[in-house]
Amino acid sequence: MLNGRDVIYCYDGSFDGLMSCVFESYLKKEIPSEIITGEQEQLTLSEVRYIETNIKRSERVMRGIKNKISDNALLFIKQAFLTFVPQRDMLILDFIRKGLKFGRKAEFMLTDDTVDALRKAVYHCTHEAHLLEGFIRFSDHGGFLSAVISPKNKVLPLIGDHFTDRLGGENFFIYDKTHRMAFVYIDHRGEIMENIDFELPPPDECEQSFRELWRDFYNAIEIPERRNPRCRMNNMPKRFWENMTEMERDNGNILLDLPQSDENDKID
Amino acid sequence: MELSEKLRILSDSAKYDAACTSSGVDRSGEGGIGNASVGGICHSFAGDGRCISLLKILMTNYCLFDCKYCVNRRSNDVPRARFSPDEIADLTIGFYRRNYIEGLFLSSGVIQSPDYTCEQIIETLSILRNKYNFRGYIHAKAIPGADPELINRLGTLADRISVNIELPSQKSLNALAPDKSKKSILLPMGHISGRIRENKYDIVKYRSAPKFAPAGQSTQMIIGATPDSDLQILRLSEAMYRNYTLKRVFYSAYVPVGDQKLLPPAGTKPPLLREHRLYQADWLLRFYGFRAEELLDEEHQNFDPMFDPKCNWALHHPECFPVEINTAEKEMLLRVPGIGVRSAQRIVIARRQAKLDYKDLKKLGVVLKRAIYFILCGGKRFDGLIVTEEGIMRQLMSESAASEREKQDFSNMQISFFDAGNMLPTMEDRVKCLTGEM
C-alpha cells in the first residue's frame, strides 16, 4: 500500500464494478490488500471499503487499457474475469498496473507471475468453452431448444455467439447450473440472465426417440477391441457426463464406467 | 426395418474409418442451419477414446467388392441394411439441432455400380444443402471408379472428400483387395487434388465461384494387416502430402474381422502403439519440419516402440545439441524433445521480453524432464544435471512402451506408389512446404 493503510475493496461482482475498483486504486494511489465481492462474508481487522459501480469510471479505465496497452489486452482482461483463478481480481488489477507501466509489452511478458497465472486461467476458460461447444446437448421441447451445463468458468458469454450463428434463428436457452446464469435467444435477440433456476422438462416422445437413436449410434461406433476408458476420460472429463445424453442410461442414471487395467490404457 | 436397427448396422460397419475430424473450413450460419469452425469440434468420445465429431455412417453396407480386410466384404455373413437419402438427411438435422454432431461423414458400400452409389451420396448431400440449407460440415467418400463428373459434383457439396488407400503397397492390394488397384485409388485422388487447385484460382478470380471441397482431401491406411514397414507407410504419407496436397493421412490399426488366410487371425490385438508412433511421426512431418528420411531409413524401417520418433531422432543426433534457448532458431527449438509447437511459440515471444531461465521454461509449458538433456539456458546446463546414458534412457523412454515391445520381422518389399516423375515437387509444392501451410 502506498499510503500505509490496509484496505479491502468490496464491489458488486460486475465487470464494471471491478473496473471501478481499479479506478479507485489509481485515484487514492493505493493498492488494496484484497478485492472481494458483496457475497463473500469477511471477518477482518482491515478497513473494508465498498466501491460503488460507476459506469463512467469503468469506461475510463477500459479506454485507458485500450489506448495504453491494446485492444487485445482488454479482451484478455474480460476473459480473465470469467475465470475462477484464486485472487482473480487482484491479479487483474496487477496486470492492468503492469500494462499501464510497460505498455503492450505486458501481454508478452509470459514469464511474469501475474501474466502467467492469468494466461493459464484464460486458457482453461476458453478451452472449457471450446469443449462445451461440442459437449452441450440440446433437448427439443415443441421447437424450443434447451440445454444445461455445469462449467467451472463462466463460459456463457464465450459460447452464446457460436450457437446463435449455428442454430439458424431457432429459439434456444442454455442454462449454466454452476453460476445460475442463462443465455437466452428468442426472436433473434440474445441476452444473458443472472440468478435464475431451471430444470429440464421431461422429454416428449419425439425427443426421447432421438435420444435413443443417439445412444444407439454412440454405442455402435466404439471399436470394442480398442476399448480405452482412460483415454475417453482424458478427452472428455467425467464432470461433463452428467449433462450428456449418451452417458445417461435409460433409467436416468449416469453410466458409471471405471477404468479397467487394460494394456491399451498405457499408451502415452 | 426400424430406423434404430438400420442406424446400429450402418454405424457399426462405418466404425473402422478413423477419420472423424471436422476441421479445415470456417463458414458462418447466414440464416441456414449450421456453421463450421476451422479448428473442428469434438462432440463426444467413444468408449475407445476416439473423437466423435460427425455422424459417421454408411449409406449401405451391401457391397459388390470383396476386400479381405473389410468387414463389409461381399463374402462376409453380416446383417445388411440401406438408408434412403431422406432418412440420412432427417437424422443428420435431428442430431445436429441437438448438438450431438458437427455434421455428416457419409460413405457407402458399392451397390449396382460405382456411379450409381456416388449418385445416391450426391442426392443425400443435395437434400441437406438445398432443402434444409444445411451449412454444417460434410465429409464424403469418393467411390473409386465413379465418373469424374460425379466427383466434381460431390466436391461442390462436401467440405472434405476422401479416398482410402487402405494398403500401402501394390502387392498388398493385389493380395487383399482384388477389386481395387493402385490406379483406381490414385486416379480419383489426383483428380480431386487437381480440382482443389483449380478452384483456388477460380475463387480468386470470381468471388462467387462455388467452392470445391474447401476442407481438402484426406485418406486412410490400415496398419498391421500386411507386412509393409513403417518406412514404406511414412514415405507414402509424405509423398501424398506433397503430391496430392492432402490435409490428413489417417492410420487405422487393423482389427481382425473374421478369420482370413492372408490376414492376422481373429483375436490378434490391434497394433495400437505402432499406430500411435505413426501419428507422432505424421505430426513431425506436418508441424515440426521433419522429413520421413530423417526419422527412418533402410536400416531402421520401423519405429522404436520404446522412444517416440522425435526422441529417437534427438538421441541419434548428439551433434545438434545442446540448443541455447535464448538464441536458437524456432526450427531448432521444435526439434528438442519436451518442446512442442505451442511452447516453442511461447519461448520465442517471451525471450524478446526477458532472458529465460529453467524456471521460466516450466511456466511456458516445456517438459523439463525431457528437455534438460538437450538445452542450455544462458549458456548453462540445468543445475545438478548428471548425464548418464542410462539416466537419459529412463527419462526419455515412453512409459510402459517397453512392455509393448514386440519384434517383428518385416520382409523388405519396397513398392513405390509414385513413379519417379511424380516425385519431383513442383514449385508450388515447395512454397507450400516452406510456409508450413497444412
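Every number here is computed from the coordinates shown, using simple stated rules; none is lab data. It should be emphasised that the depicted structure is a prediction, and the values quoted were computed from it without experimental measurement. Here the Cβ positions follow ideal geometry from the backbone for every residue, glycine too, while neighbour counts run over all protein chains shown.
Annotation: amide H of B:F250 within the under-5 Å range of B:T219, B:Q220, B:M221, sequence separation 5 or more or interchain, hydrogens built in the peptide plane.
Taking θ as phi - 60° and the Karplus parameters 6.51, -1.76 and 1.60, the scalar couplings of region B:153-164 work out to 5, 4, x, 7, 9, 9, 7, 9, 10, 9, 10, 8 Hz in sequence order, x denoting glycine and proline.
Each Cα pair under 8 Å and six or more residues apart adds its sequence gap; the mean of these over the residue count of chain A is a relative contact order of 11 percent.
Which entries of B:K180/B:K269; B:K183/B:K261; A:K78/A:K177; B:K269/B:K362 show an alpha-carbon separation above 30 angstrom in the structure shown?
B:K269/B:K362
Bridges between two residues of the protein assembly as shown, per DSSP, are antiparallel at a rate of about 35%.
Projecting the Cα atoms of A:I192, A:N153, A:F163 onto the charge dipole of region A:136-194 (Cβ charges, centred on the Cα centre) puts A:N153 farthest toward the positive pole. Each residue of region A:229-234 is assigned a 3J(HN,Hα), and the resulting list reads x, 5, 4, 4, 5, 4 Hz, derived from the Karplus form 6.51 cos²θ - 1.76 cosθ + 1.60 (θ = phi - 60°), x at Gly and Pro. Axis angle, to the nearest 10 degrees, between helix B:114-126 and the longest C-alpha principal axis of chain B: 80 degrees. Helix B:85-97 sits at what angle to the longest principal axis of chain B, using alpha carbons and giving 0 to 90 degrees rounded to 10? Taking the Cα atoms of chain B, the angle to B:85-97 is about 40 degrees.
Applying a DSSP loop filter and a limit of 11 other Cβ atoms within 10 Å to the trypsin sites (Lys or Arg not before Pro) in region A:1-101 leaves A:R5, A:K29.
Computed 3J(HN,Hα) for region B:205-221, one whole-Hz value per residue from the Karplus formula 6.51 cos²θ - 1.76 cosθ + 1.60 where θ = phi - 60°, is 6, 10, 4, 8, 4, x, 7, 9, 6, x, 9, x, 10, 9, 8, 9, 10, glycine and proline marked x. Amide H contacts for B:L376 (H built 1.01 Å from N in the peptide plane; partners 5 or more residues away or on another chain; cut-off under 5 Å): B:V323, B:E324, B:I325.
Tell me the GluC sites (Glu not before Pro) within region A:149-238 that lie in a loop according to DSSP and have at most 15 other beta-carbon atoms within 10 Å.
Details: sites: A:E170, A:E191, A:E194, A:E199, A:E205, A:E207, A:E212, A:E222, A:E225; in loops: A:E170, A:E199, A:E222.
Counting only loop positions with at most 15 other Cβ atoms within 10 Å, the GluC sites (Glu not before Pro) in region A:149-238 are A:E199.
Partner lysines whose Cα lies under 21 Å from the Cα of B:K211, excluding those fewer than 8 positions away in the same chain, are identified as B:K131, B:K141, B:K200, B:K247, B:K432.
Filter the GluC sites (Glu not before Pro) in region A:37-99 to those in DSSP coil with at most 13 other Cβ atoms within 10 Å of their Cβ, and list the result.
Numbers: sites: A:E39, A:E41, A:E47, A:E52, A:E59; in loops: A:E39, A:E41, A:E52.
In loop regions of region A:37-99 (DSSP not H, G, I, E or B), the sparsely surrounded GluC sites (Glu not before Pro) are A:E39, A:E41, A:E52.
Taking chain A as the reference, fit the longest principal axis to its C-alpha atoms, fit the long axis of helix A:71-81 to the helix C-alpha atoms, and give the angle between the two in degrees, 0 to 90, nearest 10. Taking Cα atoms only, the helix is inclined about 70 degrees.
Once you treat every alpha carbon in the protein assembly as shown as an equal point and sum by Debye, what is log10 I(q)/I(0) at q = 0.05, 0.10 Å⁻¹? With no solvent term, the Cα-only Debye profile gives -0.28, -1.13.
Exposure here means at most 14 other Cβ atoms within 10 Å; with GluC sites (Glu not before Pro) in a DSSP loop as sites, the longest stretch of chain B lacking them is B:31-297. Helical runs assigned H by DSSP (4 residues or longer) give chain B a calculated mean residue ellipticity at 222 nm of -11000 deg cm²/dmol, each run adding -39500 (n - 2.57) before division by the residue total. So for the pair B:N326, B:E5, with labels modelled 7 Å out along Cα→Cβ, what separation do we get in nm? A separation of 7.3 nm, rounded to one decimal place.
Around the amide H of B:I57, modelled in the peptide plane, lie the amide H atoms of B:F105, B:S107, all under 5 Å away and 5 or more residues distant in sequence or on another chain.
Averaged over the residues of peptide A:207-216, the number of Cβ atoms from other protein chains lying within 10 Å of each residue's Cβ is 4. Shielding of peptide A:144-151 by partners, expressed as the average count of other chain Cβ atoms within 10 Å per residue Cβ, is 1.
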